[in-house]
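Chemist: So that we are looking at the same thing, I have put the structure below in structure tokens.
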Amino acid sequence: MPNEYEKKIVLITGASRGIGKSIAKKLNSSGYYVIGTSRNIEAIPKDDKISGVRYLPLDLTINESIDKLIRDVGNIDVLINNAGVSQVGPIEEVPMEKIREIFESNLFGLIHLTQGLLPHMRTKKEGLIINITSMASRSPVPFSTFYAVTKAGVEAFSKGLQNEVERFGIKTVVIAPFEINTAIPQEILLKDDSPYYNITMKAKNIRDKNLANAPDPSIVGKLVLKILKSKNPKFFYPVGKNGFIKSFIITHASRKFIKKQTMKRFS
Ligand SMILES: NC(=O)c1ccc[n+]([C@@H]2O[C@H](COP(=O)([O-])OP(=O)(O)OC[C@H]3O[C@@H](n4cnc5c(N)ncnc54)[C@H](OP(=O)(O)O)[C@@H]3O)[C@@H](O)[C@H]2O)c1
């Protein structure tokens, strides 16, 4: 465990609950100095607040909020871009403003925050950026396509980032969870008389059941600690039940096979 003077400063977006909270808990108890964000710090239930973690406000859909956080934290060692939201709805019906909204939270806000924190890491010639994507980025869950598109964007962004900043001592890592047991809200964007209504709701209910039976978010906390302790972390870490093998299949099997399995699983 690092002593007081060696404490690495870690910023975790979306640390009020779920995966972000688990990462914050693990790193805080392992001796890191953790800053966690929430859109509304006052609304975090007392039991969910981790003693020792410094909470700061951040809304990734608001430029001023991101700029303020960048000014307030400035010099950090590790950035964990975890915050994100999900949506359920058929491609044909999700309104454009809702598509823009999920891009703001999951992709554009993440890019903005990363841009603002890079100069300090570059000057120090040291830093680690961990972006939480989803295996949905490589195999979208039916009727949750725009979520998958934002996560695929984060993966491509992470590859580009690695190309550009590794030379300055900044490491980039992607963690792609499969289903993890959290209460991630899924906004339903579906017309009442939609021809997609039944199939969308069926897929959503199957996904909800899978999430309820999925591993606890603490597995992500443990993985992040392992990455932070590693001298040469890999670029890509799948995580979840049988995460490695499922990721291998999704990456290497034919599109025809994956599509058949996906349709079987969600209908
Ligand atoms: N759970 C899964 O099965 C799963 C699978 C694959 C990937 N992931 C990814 O893992 C990450 C964490 O998900 P989770 O399951 O832990 O979800 P969660 O329990 O809903 O937590 C999401 C966090 O993001 C924050 N957040 C939401 N919208 C925000 C915004 N506009 N600006 C800033 N912060 C915002 C929330 O904080 P406040 O509400 O307090 O602001 C909350 O702390 C997400 O990126 C998600 O896409 C999850």
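Chemist: List every residue pair whose Cβ atoms sit under 8 Å apart, with the two residues 6 or more apart in sequence or on different chains, where the first one lies in the stretch 37-65 and is more than 12 Å from residue 13 (Cα to Cα) and modelled with pLDDT of 95 or more and the second, anywhere, is within 10 Å of the ligand (Cβ to nearest atom) and among the acidic types (Asp, Glu).
Modeler: 61/101; 61/104; 65/59
Chemist: Mind listing whichever residues of the stretch 74-103 are modelled with pLDDT of 95 or more and either small (Gly, Ala, Ser) or on the phi > 0 side of the Ramachandran plot (or both)?
Modeler: Within the stretch 74-103, 83, 84, 86, 89 qualify.
Chemist: If I ask for residues that are surrounded by 16 or more Cβ atoms within 10 Å (Cβ to Cβ) and either more than 22 Å from residue 211 (Cβ to Cβ) or away from the ligand (no atom under 12 Å from the Cβ) (or both), which ones from the stretch 3-29 would you list?
Modeler: Answer for the stretch 3-29, where residues must be surrounded by 16 or more Cβ atoms within 10 Å (Cβ to Cβ) and either more than 22 Å from residue 211 (Cβ to Cβ) or away from the ligand (no atom under 12 Å from the Cβ) (or both): 8, 9, 10, 11, 25, 26, 27, 28.
Chemist: Another question about this same structure. Looking at the stretch 161-189, which of the residues that are in contact with an Asp or Glu (Cβ under 8 Å, 6 or more places away or on another chain) and in a loop (DSSP other than H, G, I, E, B) is farthest from residue 246 (Cα to Cα)?
Modeler: Taking the candidates together, the pick is 169.
Chemist: Just to be sure, is residue 61 within 23 Å of residue 103 (Cα to Cα) and crowded, with 19+ Cβ neighbours inside 10 Å?
Modeler: No.
Chemist: Which count do you get for residues in the stretch 31-62 that are within 11 Å of the ligand (Cβ to nearest atom) and of a type in the set (Phe, Trp, Tyr)?
Modeler: Of the residues in that region, 1 qualify.
Chemist: Could you check the stretch 132-160 and list, in sequence order, the residues that are touching a helix residue (DSSP H, G or I) at 6+ places or on another chain (Cβ under 7 Å), in a helix (DSSP H, G or I) and either within 19 Å of residue 230 (Cβ to Cβ) or near the ligand (Cβ under 8 Å from one of its atoms) (or both)?
Modeler: 135, 136, 147, 151 - these are the residues of the stretch 132-160 that are touching a helix residue (DSSP H, G or I) at 6+ places or on another chain (Cβ under 7 Å), in a helix (DSSP H, G or I) and either within 19 Å of residue 230 (Cβ to Cβ) or near the ligand (Cβ under 8 Å from one of its atoms) (or both).
The values are calculated or read from the model by the stated rules, or taken from the named source; none is laboratory data. This structure is a prediction, so every number in the text was calculated from the model and none was measured. All Cβ positions, glycine included, derive from the backbone under ideal geometry; neighbour counts span all protein chains shown.
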